[in-house]
């Protein structure tokens, strides 16, 4: 019962759409999936493995979240929305992690060995991300939405893209949960600004058109005038 209380408190902390513990208990599929996993994991550890697999499939049918009975799930883990989440047999999820919908913690080997990822504490995995293989995601790391991660990720970093690339290194553990989970840099925007800056420098060196310079997007939104060129005449 204390673990269920922790789960409900975690939902209230990280999901502003949930108003009460009763609402979280009745309507949050992540809570249902974690509760069912504890039961199936108990069966698995007590060699009731076929029954454990069956129970996990029942939970998958009702929640849309697939967690293998042998997977290790820590405390205060939050699965938000949850539909399409897959957590493999040898995966390990540390305390206080957050997993959004469509995430796969999958394997890349057919051998009966440790073949799924390990998430250390306070890791956030964005919607649709794929974390594959026997790799370790360091504490306080943030995996961006739809990233594909195939290698170890250092602590306190943000990873985006396909394949996943580290775009920033810092210590998000000192931030509030709400800020930590939404702090993903605009890697594409930064690349475009860098390219525009380079074009401006080359134009100046060539003695050609000198425009207003690159435009930094306001509030992360690119507009047509950001790419406008005033005059190509020399």
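All of the numbers you see were taken from the coordinates with simple rules; none came from a lab. As the structure is a prediction and not an experimental result, all values here were calculated from the model. We place every Cβ from the backbone using ideal geometry, glycine too, and count neighbours over all the protein chains shown.
Based on DSSP, what percent of beta bridges with both residues in segment 2-181 are antiparallel, to the nearest 5?
Of all bridge pairs located within segment 2-181, approximately 15 percent are antiparallel.
Taking 8 Å as the Cα distance limit and 6 or more residues as the minimum spacing, I'd like the relative contact order of segment 71-125 as a percentage.
37 percent
If you count, for each residue, the other Cβ atoms within 10 Å and average over each peptide, how do 23-34, 41-52 line up from highest to lowest?
My ranking of the peptides, most packed first, is 23-34, 41-52.
Counting only the backbone N, which residues of segment 43-78 are under 11 Å from the spot 7 Å out from the Cα of residue 26 toward its beta-carbon?
Taking a point 7 Å out along Cα→Cβ of residue 26, no residue of segment 43-78 has its backbone N under 11 Å.
In nm, what is the difference between 0.36 nm times the number of residues separating residue 35 and residue 166 and their Cα-Cα distance?
The span from residue 35 to residue 166 would gain 43.8 nm if fully extended.
When the chain is fully extended, how far beyond the present Cα-Cα distance does residue 145 get from residue 45, taking 0.36 nm per residue of separation?
32.7 nm
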